[in-house]
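I have placed the structure first, in the form of structure tokens, so that the comments after it can refer back to it.
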Amino acid sequence: MNKLKEIDEERALELHRDLLVVDMHSDTFMLLTRHPERKFAPSEPRHQMDLSRLMAGGVDLVFFTVSNRDNNGAGLAWTLKALDRVYTESAQNAENFTLCLDRNEILKAKKEEKVGAFLICENGLPYRADLSTLRMLYRLGVRSVALGENEWTGRGCYDRSGGGLTDFGVEVVKEMNRLGMVVDVAHLNEEGFWDVLEISRVPFIDSHANSRALCDHPRNLRDDQIKALAEKRGLIGVVFHPPFVDEKEPNLSRLLDHLDHITDLVGPEYVGIGSDFDGISGRDEIMKDVSEMPGFTVELIRRGYSEDDIEKILGGNFLRVLGEVESFATSLPGGGLAGH
Ligand SMILES: [Zn+2]
């Protein structure tokens with residue numbers, strides 16, 4: 001029995017190292033922007049994610065948040081500060097860390113064994129943004145926006161006042177489709193989710209959420225939402241924040257129960273990882289930090305997932321979604337960067 005366990009682990013670690021591993025949510029650069037004296041490289045002991053632990057954890061691409069709601073009242077200026085920090089870190093650590101603007105750059109970074117950064121805004125755009133702000137953020141490298149938890153794009157899942165996307169939120173989704181940006185419904189309320197489903201012309205994601213059937217939290221998705229997301233060829237990233245995993249006993253095995261539930265419902269093509277590291281500081285029930293990420297793949301092997309399925313779950317599913325989002329934009333007259 002012990003021998004079998006060892007073989008499983010060895011195979012899992014090898015797979016984890018070889019395959020593209022994507023983490024679809026991290027707030028680490030929010031912390032680094034708030035605390036400029038803290039380090040991204042090589043290491044920051046106060047954080048769950050830094051460059052050396054990303055490399056130790058075999059993570060190849062991370063979605064880094066550079067904006068959240070109104071950025072504590074500082075709006076767009078704060079987002080520029082966060083972007084500056086990512087650009088500075090990638091210049092200073094160019095041999096190990098690079099910004100990835102599209103699918104090809106992600107594959108290139110993986111080949112060169114660099115950790116890639118995929119830039120995102122969480123909880124809508126910075127305060128008082130309009131579509132020109134969205135386009136300028138795209139030009140600065142932002143490739144995804146999660147729409148929830150503000151009153152100017154859509155209502156969040158904790159907001160009981162109801163209502164779906166705002167008129168501006170609808171325009172944001174359409175413009176993101178045109179530009180080739182990934183629409184994210186994390187934090188959005190249920191009405192907003194169904195609005196995005198109707199409006200978006202391409203697959204969209206919920207970058208960090210679990211199953212509500214297993215853990216009844218408003219941040220998690222109901223089965224009918226997961227099915228609809230999968231029918232749209234989208235993707236849900238399972239999140240490590242303990243209250244979204246289990247009310248009583250959150251742990252890695254319970255997190256994988258969420259993944260099992262999603263694959264039982266819709267198959268392994270529509271699920272990935274969205275850890276939320278450093279948005280969950282001080283909580284280590286699932287993993288101490290990102291260096292423990294290979295444990296996720298070990299658990300997938302133990303649960304009998306095939307190598308094909310594991311390739312999809314760790315990163316292949318996201319590459320597919322991004323490919324579809326990019327192809328739609330470039331197929332439009334005036335789509336993508338060419339259009340402006
Ligand atoms: Zn979040």
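If you go through the stretch 240-271 and keep only what is in contact with a helix residue (DSSP H, G or I) (Cβ under 7 Å, 6 or more places away or on another chain), within 15 Å of the ligand (Cβ to nearest atom) and either within 17 Å of V22 (Cα to Cα) or aromatic (F, W, Y) (or both), you end up with just F240.
Scan the stretch 44-80 for residues that are at pLDDT below 95 and within 16 Å of the ligand (Cβ to nearest atom) and the total you get is 6.
Let's see how each residue does on (1) over 15 Å from D27 (Cβ atoms); (2) in contact (Cβ under 8 Å) with a residue 60 or more places away in the chain; (3) not in a loop (DSSP other than H, G, I, E, B):
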residue: E247; (1), (2), (3): yes, no, no
residue: D260; (1), (2), (3): yes, no, yes
residue: G272; (1), (2), (3): yes, yes, yes
residue: G282; (1), (2), (3): no, no, no
residue: E285; (1), (2), (3): yes, no, no
residue: K288; (1), (2), (3): yes, yes, no
residue: G295; (1), (2), (3): yes, no, yes
residue: I301; (1), (2), (3): yes, yes, yes
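Of the helices (runs of 4 or more DSSP H) contained entirely in the stretch 103-200, those carrying at least 2 residues that are surrounded by 20 or more Cβ atoms within 10 Å (Cβ to Cβ) and of a type in the set (V, I, T) fall at 167-179.
Restricted to the stretch 201-212, and to residues there that are in contact with a helix residue (DSSP H, G or I) (Cβ under 6 Å, 6 or more places away or on another chain) and farther than 11 Å from G234 by Cα, the residue that is nearest to the ligand (Cβ to nearest atom) is N210.
Of the candidates A230, A209, the single residue that is at pLDDT 95 or above, outside any helix (DSSP H, G or I) and under 24 Å from D23 (Cβ atoms) is A209.
Residues in the stretch 182-223 that are touching a residue at least 60 places away in the same chain (Cβ under 8 Å) and over 19 Å from E149 (Cα atoms): R201, V202, P203. Among residues that are more than 16 Å from the ligand (Cβ to nearest atom), more than 25 Å from T65 (Cα to Cα) and among the hydroxyl-bearing types (S, T, Y), S291 is not included.
The values are calculated or read from the model by the stated rules, or taken from the named source; none is laboratory data. Predicted, not measured: the structure shown is a model, and the values here were computed from it. Please note: Cβ atoms are built from the backbone with ideal geometry, for glycine as well, and neighbour counts cover all protein chains shown.
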